[in-house]
Amino acid sequence: MKNSTAIFYMIFSVIAFSLMTAVVKYLNDFSAYQIVFFRSIGTLFFTIPLIIKNKVKLFGNNKKLLFIRGVSGVISLTCFFESLNYLSVGTAVSIRYTSPIFAAIFALILLKEKVKPIQWFLFLLAFTGVIIIKGFGGDVNSIGLFLIILSAVFLGLIFVIIRKIKNTEHHLIIINYFMMMAFLFGGIMSINNWKTPNQIEWLLLLSLGVFGYVGQVYMTKALQSHETNVIAPLKYLEVVFMIIIGTFWFGEIYNLWTLLGIFLILTGLVYNIYLKRKKRVT
């Protein structure tokens, strides 16, 4: 029962994140800055009352690392949203999931964590998938590819920072720093890039933060409810969902080379999760 509940939580989380990405793709007439701004508003609507209710220290303890986490989050999110103007949603999401490769590199440098040779092989396998997508997966835009890899690099840095501060900072403060900085950055940058939404667009823009927050909450619940090696790979269902959404909603076409590249990315990263979990158990 506990296993099925955790699986349900993760699938629900994946659906929420997939819907958020689909809405961003649909709103491609808006600048990435304006989308980041509205993404933050929806989440802050939930986090600020919870911080007040739980009497959590508003500015946290390690302000320097929280600031770096916030800046890294804003860069990663902005690059991801901007990349959707150049890449298909399935391709963008799958390449962004190479972030564990960069997390391992940052962890090696900053936390002195060791990486097994088999893990480097799996990372190479995943990155080979990116190369195949770029080289053979149709007309993959170079600007979009650069943006999504940059997003993955900063997402990898975020993983390492959160690991560093997880025992000293409340999870609401970690999220709130990110969203407050996204609110300020997105708001300022939107001044000269503002497009006034119609009624439907207002709802869609405000839904971004709701989908993002729900996805984060249920992903956390899933990981707290069952073993990581069972639940974490389900996160990669988002790639499958985005390919389906891209095909049937946006009319995107994925050739066999693109699908092979995505398969290699997922294989390398999912098996790496299994190895890391196995290492903890032994």
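Looking at the P(r) of the range 101-231, how many percent of alpha-carbon pairs lie beyond 25 Å?
Considering the range 101-231, 48 percent of its Cα-Cα pairs are separated by more than 25 Å.
Nearest 20 debye, what's the magnitude of the dipole of the range 116-266 about its Cα centre given +1 on Lys and Arg Cβ and -1 on Asp and Glu Cβ?
So the magnitude is around 400 debye.
With only Lys, Arg, Asp and Glu charged, each at its Cβ (+1 for the first two, -1 for the last two), find how big the charge dipole of the chain is about the Cα centre; round to the nearest 20 debye.
1420
Which order do you get for 184, 44 if you rank them by accessible area with a 1.4 Å probe, largest at the top?
Result of the area sort, largest leading: 184, 44.
Of all alpha-carbon pairs in the range 230-270, indicate the percentage at a distance above 11 angstrom.
Numbers: 546 of 820 pairs.
Of all Cα-Cα pairs in the range 230-270, 67 percent lie more than 11 Å apart.
Per residue Cα convex hull volume for the range 7-111, in cubic angstrom?
150
If you take the charge dipole of the chain about its Cα centre, with +1 on Lys and Arg Cβ and -1 on Asp and Glu Cβ, which of 42, 70, 162 is farthest toward its positive end?
162
If you project the alpha carbons of the range 28-87 onto the principal axes, what extent comes out on each, in Å, largest first?
So the extents along the principal axes, rounded to whole Å, are 42, 24, 13.
For a quick check, take a GNM of the chain with Cα springs below 10 Å and name the residue from 272, 255, 85 with the largest mean-square fluctuation.
255
Counting only complete DSSP H runs, which helices of the chain cover 27 Å or more along their long axis at the Cα atoms and score a mean Kyte-Doolittle of 1.6 or above?
117-136, 142-165, 171-190
Pick out, from 251, 140, 184, the residue whose Cα sits farthest towards the positive end of the charge dipole of the chain, with +1 on the Cβ of Lys and Arg and -1 on the Cβ of Asp and Glu.
The one lying farthest along the dipole's positive direction is 184.
Dividing the convex hull volume of the Cα atoms of the chain by its residue count, what figure in Å³ per residue is obtained?
141
Take 269, 157 and sort them by solvent-accessible surface of the protein heavy atoms, 1.4 Å probe, largest at the top. It would help to have the intermediate numbers written out before the result.
Details: 269 0, 157 30 Å².
Descending order: 157, 269.
Can you send over the solvent-accessible area of residue 116, 1.4 Å probe, protein chains only, in Å² to the nearest 10?
In the full protein context, residue 116 sits at about 90 Å².
Per the Cauchy relation, a quarter of the hull surface: what is the mean projected area of the convex hull of the alpha carbons in the range 38-179, in nm²? Provide the component values of the computation, followed by the final result.
Values: hull surface 37.8 nm².
The Cα convex hull of the range 38-179, projected and averaged over all directions, gives 9.4 nm².
The values are calculated or read from the model by the stated rules, or taken from the named source; none is laboratory data. All of these numbers come straight from a predicted model, not from anything done at the bench. We place every Cβ from the backbone using ideal geometry, glycine too, and count neighbours over all the protein chains shown. Note: areas computed on protein heavy atoms with side chains; ligands, DNA, RNA excluded. Shrake-Rupley method; radii C 1.70, N 1.55, O 1.52, S 1.80 Å.
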